[in-house]
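Engineer: The structure is given below, and queries will be raised subsequently.
All of the numbers you see were taken from the coordinates with simple rules; none came from a lab. Source: prediction; values computed, not measured. Backbone-built Cβ (ideal geometry, glycine too); neighbour counts: all protein chains shown.
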Amino acid sequence: MTATTITPEVVAQHQLTPAEYQKIVDILGREPSYTELGIFSVMWSEHCSYKSSRLHLKKLPTRGKLVVQGPGENAGIVDIGGGYVIAFKIESHNHPSFIEPFQGAATGVGGILRDIFTMGARPIAVMDSLRFGRLDDPQTGPRNRRILAGVVSGIAHYGNCFGVPTVGGECLFEPCYDGNPLVNVFALGVSKKEDIFYAKAAGVGNPVIYVGARTGRDGIHGASMASAEFTEESKQKRPNVQVGDPFMEKLLLEACLEAMQTGAIVGIQDMGAAGLTCSTCEMGSRGEVGIEIELDKVPQRETGMTPYEIMLSESQERMLLVADKGREDEVFAVFRKWGLAASEIGIVTGDGKLRVKHHGAVVAEIPNRELADEAPLYDRPHVAQVRSLPEGALPEVPVQEALPKLLAAPDITSKRWIWEQYDYQVRTNTIAGPERADAAILRIKETGSSIAMALDGNGRYCYLSPGEGARLAVAECCRNLSTVGAEPVAATNCLNFGNPERPEIMAQLVEAIEAIAEACRFFETPITGGNVSLYNETLGEGIYPTPVLGIVGLLPTAAPVTVPFKNAGRSVILLGGAGECDEVRFGGTEYAKEIAGQLWGLPPALDMEREKRVQAAIREIVAEGLAESAHDLSDGGLAVALAECCFSKAGIGAQVDLASDLRPEILLFHEGPSRILLSTANAHRVREIAEKHGVEAPVIGLTMEKGLEIRQRTQTLGAWDIGTLASTYGQSLEASLG
Amino acid sequence: MRFGVIVFPGSNCDHDAFYAVSQNLGQQAEFIWHDSASLGPVDAVILPGGFAYGDYLRCGAIAKFSPVMQAVKRFAAEGGPVLGICNGFQVLVEAGLLPGALIRNQGLKFICRELRLAVATTQSPFTNAAELGQVLRVPIAHGEGCYYADERTLDELEAEDRVAFRYLDNPNGSLRGIAGILSRERNVMGMMPHPERASDPLMGSSDGLVVFESLLRAAVHA
């Protein structure tokens, strides 16, 4: 191997600033070797070190009475009672999914699943939050369609084979995601409380064991790639995207969980971003110990790999663990049973350093703590951009035409084409899968209780106001859980933003984090972990600020409260009332986007106190078994929610009459939060509960055998055949994919 | 009654089948590891869904060489009931215990969907508790579930009353709408739909339980 001389150009290629390089020199007390430079560059990349966001992430609430483990581990852990815990986290794989959609998305699923089972929890559910460019754009449409199809089949390929159900998610479309799709994966697992494992090395002299796939040259510098904007040259980075093998991961899952049961494992971490580098120094740092490894012992797929390549490879399906000295054989026996290669590659030392040897010679020697935990921290300037968007004008489109148009809109239309490619039932815990209820519901067989999961984000709202948009996302996520009767307990977030070195982008990030902190505190859903994805820009075009919230709730196991009306002749109640909205607050709605073709003003106004009361009311209504159906109002407002309640095999419709003086378009399509549509046979009791919580609950109509009719003060605004609406809603996505 | 659930590396519906026969049916069950040379004292064997050996090469193509398959073949030859679900069906076809092949879905995509099946025969240990023509709501979840065989084989299957289930809304292009078939001796059945996922009302349907109830009834009358 020829030693590469470290010049300012080489440092710059590693995306390290001169000041960061100086810090490396100060830590080492000497110039780094090329391998050491590579190691620092990945650990101090934005992706691994959160150097732009760390300062602000500290503002998030992370503690709660049920939180067993907050941020800082591979996943957050929450107590669900009965001696069991859930481990969950959301992670992005945006950049790789643009470069190679299928493998990028597949390895995104693989990575987050390893984060869950490395904690000793068996993954039981996955949800995805996806963003793409418009499918119908004459220029970018074909590429966007290809990316969508690739991402969906990548997620399906990995999750289905691994055997984890993909139980729901969201998928939205905006031109800003043309060159920068978002693929955020939210995974959740279950474990006995006493079986949790941590990614911490301990015990000087204990063996360090490598297990799983061999190390190849794939994915080198994936973490750094995810920390830079896209340029024309990015397309050449395809070799930086890893290739996933879900079968190998399934074996790793079973073998790791079984090996953990032997009691001979001290600590374990997956090799994700920054591979062997990250797993060694983070485990060492957390345990305040050193780790020494010999690269000759690392199983390799290719010959002639340099220490630099081995340390930076992001080959998938690999785990690193520390075993109790003398009990290695128990661990090896389990891996042998599952046909996996496990090799002892080093030992735990007492000097706190990561020491890497190659052919017996030391090629890197770096203090773990400084490398893993003392990455540069930036308080980047943040100055909110003052935008003046033109005030939009509401076109005169009859409600009769507007509703079908919105039901065909890409954001609103059924995503069945996507989720039918996912096995959403494997493990037979899925009580409510995709598009059945407002949240996914999974039973926990071990405890007899259930959990609900919801995933929400709205980039358009956040573009108009990052703070209000982020608060709305938390509120909607909690509302989705409450609508199925679940009590929200803890959250994870994925913060997708542009280039933080631009003060206006940084301002979006800071405002969103502070708003999430405020809302999560208010709704008592601490953030137990998450992911920040910055530099989501292509050729200088940033995405909308897109914070995505994943929140988990607890509920008793029972038949789920789903969206569609079940019986004719029931009262339709609009819990929270028709709400209020002016034209300024209407500018971020789906109606403004699809019918007016514009974006203006501000997102809908949220009153968190009122939101909390509405949620408490619906939970009580569901708990008393009063709601035959329930659906919250979100994209497309009241009219879209009403139509969605009519879509079922039975095709039960409704006739409603709204006693409101709002302009019809605003009344029917505004997206004011804190509202839930439900049908009940006992309107009296529902209204009693609502009144107790100080929430309006007008009966707006009755369910009918067929047809949907909407009136305002007895005047008909529109009447539709449900079959026609249902086929518009059901087939638009597939039609736009051609 | 005691069920043996085979576990190949890559099986992922093994726990679901186990749960259905133990919790929903209330019988005994045990897992049988793929390198076992014998099955032990079991009354029926289930080859569960999943991706045995990653389904590399071809679905079920590697699994047929696994040591436990020799034991399964002996068990079947002695008349023991063997049920292959989804990937298990693919393994049975590859192993030559059932005729035909399962090829890529007509639409070329994986499909997870609850659909309607018609019971096409009750003359088997897997369907004796059902009624002829009974419609069951049972989900599918597969990418390669299009049943394919030559005309002669298809005619033979029909002539010998060996089609166990047919799709009412054929989702994958299976010839003659075939969702499940029986061996000539009628003690081996493969089906692409997942009865174990429809064995508990909480999952939206318990229509699939009739398959396991039939096995129980057959064992009691044996």
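Engineer: Based only on the alpha carbon positions, what is the Kirkwood hydrodynamic radius of segment A:1-86, in angstrom?
Structural biologist: Kirkwood hydrodynamic radius for segment A:1-86: 15.9 Å.
Engineer: Another question, if that's okay. Could you check what % of the DSSP bridge pairs in segment A:39-108 are antiparallel, to the nearest 5?
Structural biologist: Roughly 90 percent of the DSSP beta bridges within segment A:39-108 come out antiparallel.
Engineer: Sticking with this one: By the gyration tensor of its Cα atoms, with a ≥ b ≥ c the square roots of the eigenvalues, what is the shape of segment A:625-685: rounded for a/c under 1.5, prolate for a/b over b/c, or oblate?
Structural biologist: It comes out prolate by the Cα gyration axes.
Engineer: Taking 31 Å as the cut-off for C-alpha to C-alpha distance, list the pairs among A:Lys405/A:Lys706; A:Lys59/A:Lys200; A:Lys415/A:Lys593; A:Lys59/A:Lys445; A:Lys89/A:Lys445; A:Lys566/A:Lys612 that go past it.
Structural biologist: A:Lys59/A:Lys445
Engineer: To make sure I understand the rule: partners must be aspartates and glutamates, Cα under 19 Å from the Cα of A:Lys692, and not fewer than 8 residues away in the same chain. Which ones qualify?
Structural biologist: A:Glu487, A:Asp607, A:Glu609, A:Glu611, A:Glu620, A:Glu624
Engineer: Taking only C-alpha pairs under 8 Å that are 6+ residues apart, what is the relative contact order of segment A:569-640 in percent?
Structural biologist: 27
Engineer: When Rg is the radius of gyration of the Cα atoms in segment B:141-205 and Rh is its Kirkwood radius, what does Rg/Rh come to?
Structural biologist: Result for segment B:141-205 is an Rg/Rh of 1.01.
Engineer: Ok, one more. What is the Rg over Rh value, at two decimals, for segment A:45-144, using alpha-carbon atoms and the Kirkwood definition of Rh?
Structural biologist: 1.06
Engineer: Moving on. To the nearest 20 debye, what is the magnitude of the charge dipole of segment A:616-661 about its Cα centre, counting +1 on the Cβ of each Lys and Arg and -1 on the Cβ of each Asp and Glu?
Structural biologist: 200
Engineer: Still on this model: Collect residues whose amide H, placed 1.01 Å from N in the peptide plane, falls under 5 Å from the amide H of A:Gly707; neighbours closer than 5 in sequence don't count.
Structural biologist: Counting only residues 5 or more places away or on other chains, the set is A:Gly653, A:Ile722.
Engineer: Further, regarding this structure: How large, in Å, is segment B:1-66 by the Kirkwood hydrodynamic radius built from its alpha-carbon pairs?
Structural biologist: 12.1
Engineer: Follow-up. At a threshold of 8 angstrom on Cα-Cα distance, excluding pairs fewer than six apart, so keeping six or more, what relative contact order does segment A:1-83 reach in percent?
Structural biologist: Worked out over segment A:1-83, it gives 16 percent.
Engineer: For segment A:525-684, take every pair of Cα atoms, bin their distances at 10 Å starting from 0, and report each bin as a whole percent.
Structural biologist: Once binned at 10 Å, the Cα pair distances of segment A:525-684 give 9, 31, 34, 20, 6, 1.
Engineer: Assuming a viscosity of 1.002 mPa s and a temperature of 20 °C, what translational diffusion coefficient in µm² per second does Stokes-Einstein assign to the protein assembly as shown, Rh being the Kirkwood radius over Cα pairs?
Structural biologist: The diffusion coefficient I find is 74 µm²/s.
Engineer: Tell me, which longest segment in chain B has none of the GluC sites (Glu not before Pro) that fall in DSSP loops with at most 11 further Cβ atoms within 10 Å?
Structural biologist: Longest stretch, sites excluded: B:1-77.
Engineer: Among A:Gly339, A:Ile451, A:Met127, whose Cα lies farthest out toward the positive end of the dipole of the protein assembly as shown, if unit charges sit on the beta carbon of Lys, Arg (+1) and Asp, Glu (-1)?
Structural biologist: A:Gly339
Engineer: For segment B:108-222, rounded, prolate or oblate, judged on the Cα gyration tensor with a ≥ b ≥ c (square roots of eigenvalues), a/c < 1.5 rounded, else prolate if a/b > b/c?
Structural biologist: Since a/c reaches 1.5 but b/c is at least a/b, the shape of segment B:108-222 is classed as oblate.
Engineer: Further question on the same structure: Using Cα pairs closer than 8 Å and at least 6 residues apart in sequence, work out the relative contact order for chain A, in percent.
Structural biologist: Relative contact order of chain A: 15 percent.
Engineer: Can you give the Rg to Rh ratio of segment A:538-591, both from alpha-carbon atoms, with Rh computed by the Kirkwood formula?
Structural biologist: 1.11
Engineer: With the convex hull built on the Cα atoms of segment A:93-133, state its orientation-averaged projected area in nm².
Structural biologist: That works out to 3.1 nm².
Engineer: If you don't mind, another one. When all alpha-carbon pairs of segment A:231-376 are counted, what percent fall beyond 17 Å?
Structural biologist: Of the Cα pairs, 65 percent sit more than 17 Å apart.
Engineer: Along the positive direction of the dipole of segment A:352-395 (beta-carbon charges: Lys, Arg +1; Asp, Glu -1; about the Cα centre), which of A:Val356, A:Ser388, A:Pro376 reaches farthest?
Structural biologist: It is A:Val356.
Engineer: Sketch the reach of a paramagnetic label on A:Ala623 as a point 7 Å from Cα along Cα-to-Cβ, and name the residues of segment A:504-529 whose backbone nitrogen lies under 20 Å away.
Structural biologist: Answer for this model: A:522-526.
Engineer: Give, in whole angstrom and from largest to smallest, the semi-axes √(5λ) of the equivalent ellipsoid of segment B:1-138, with λ running over the eigenvalues of the Cα gyration tensor.
Structural biologist: 22, 21, 15
Engineer: Compute the separation of the alpha-carbon centres of segment A:62-106 and segment A:682-738 and state it in Å as a whole number.
Structural biologist: For segment A:62-106 versus segment A:682-738, the Cα centre distance is 36 Å.
Engineer: While we're on this one: Where q = 0.18, 0.20, 0.24, 0.25 Å⁻¹, what log10 of I(q)/I(0) comes from the Debye formula for segment A:416-501, counting one point per Cα?
Structural biologist: -0.89, -1.01, -1.19, -1.23
Engineer: Moving on to the next point. What Kirkwood Rh does segment A:381-447 have if only Cα atoms enter the pairwise 1/r average? Answer in Å.
Structural biologist: Hydrodynamic radius (Kirkwood, Cα only) of segment A:381-447 equals 16.7 Å.
Engineer: In peptide B:4-15, how many Cβ atoms from other protein chains are near each Cβ within 10 Å, on average?
Structural biologist: Counting Cβ atoms of other protein chains within 10 Å of each residue's Cβ and averaging gives 4.
Engineer: Please give me, ordered by residue number, the GluC sites (Glu not before Pro) of segment A:443-480 that lie in loop per DSSP and have at most 14 other Cβ atoms within 10 Å.
Structural biologist: A:Glu446
Engineer: Return, ordered by residue number, the residues of segment A:640-679 whose backbone nitrogen is under 20 Å from a label point located 7 Å along Cα→Cβ of A:Glu391.
Structural biologist: A:662-667, A:670-671
Engineer: Once you order the gyration tensor axes a ≥ b ≥ c over the Cα atoms, which shape class does segment A:326-465 get: rounded for a/c under 1.5, otherwise prolate or oblate by comparing a/b with b/c?
Structural biologist: oblate
Engineer: If you find the alpha carbon centre of segment B:1-67 and of segment A:303-329, how far apart are they in angstrom?
Structural biologist: Answer, in whole Å: 32.
Engineer: Give me the angle, in degrees from 0 to 90, between the Cα long axis of helix A:34-43 and the longest principal axis of the Cα atoms of chain A, rounded to the nearest 10.
Structural biologist: Its long axis makes an angle of about 20 degrees.
Engineer: Now for a different question. In whole angstrom, how far apart do the alpha carbon centroids of segment B:69-121 and segment A:151-225 sit?
Structural biologist: 32
Engineer: Translational diffusion coefficient of segment A:573-663 at 20 °C, 1.002 mPa s, Stokes-Einstein with Kirkwood Rh over Cα pairs, in µm²/s as a whole number.
Structural biologist: Answer from the Stokes-Einstein relation: 142 µm²/s.
Engineer: Straight-line reach from A:Lys297: which lysines fall under 17 Å, measuring Cα to Cα and dropping same-chain residues less than 8 apart?
Structural biologist: Hits, sequence-local ones excluded: A:Lys357.
Engineer: Same structure, new question: Considering only DSSP beta bridges where both residues belong to the protein assembly as shown, give the percentage that are antiparallel (nearest 5).
Structural biologist: Once the DSSP bridges in the protein assembly as shown are tallied, antiparallel ones form about 75 percent.
Engineer: Give me the dipole magnitude in Debye, nearest 20, for chain A about the Cα centre, with unit charges on the beta carbon: positive for Lys and Arg, negative for Asp and Glu.
Structural biologist: 1240
Engineer: For segment A:592-697, build the charge dipole from Cβ charges (+1 Lys, Arg; -1 Asp, Glu) around the Cα centre, then report which of A:Ile618, A:Phe647, A:Pro673 sits farthest towards its positive end.
Structural biologist: The residue sitting farthest along the positive end of the dipole is A:Ile618.
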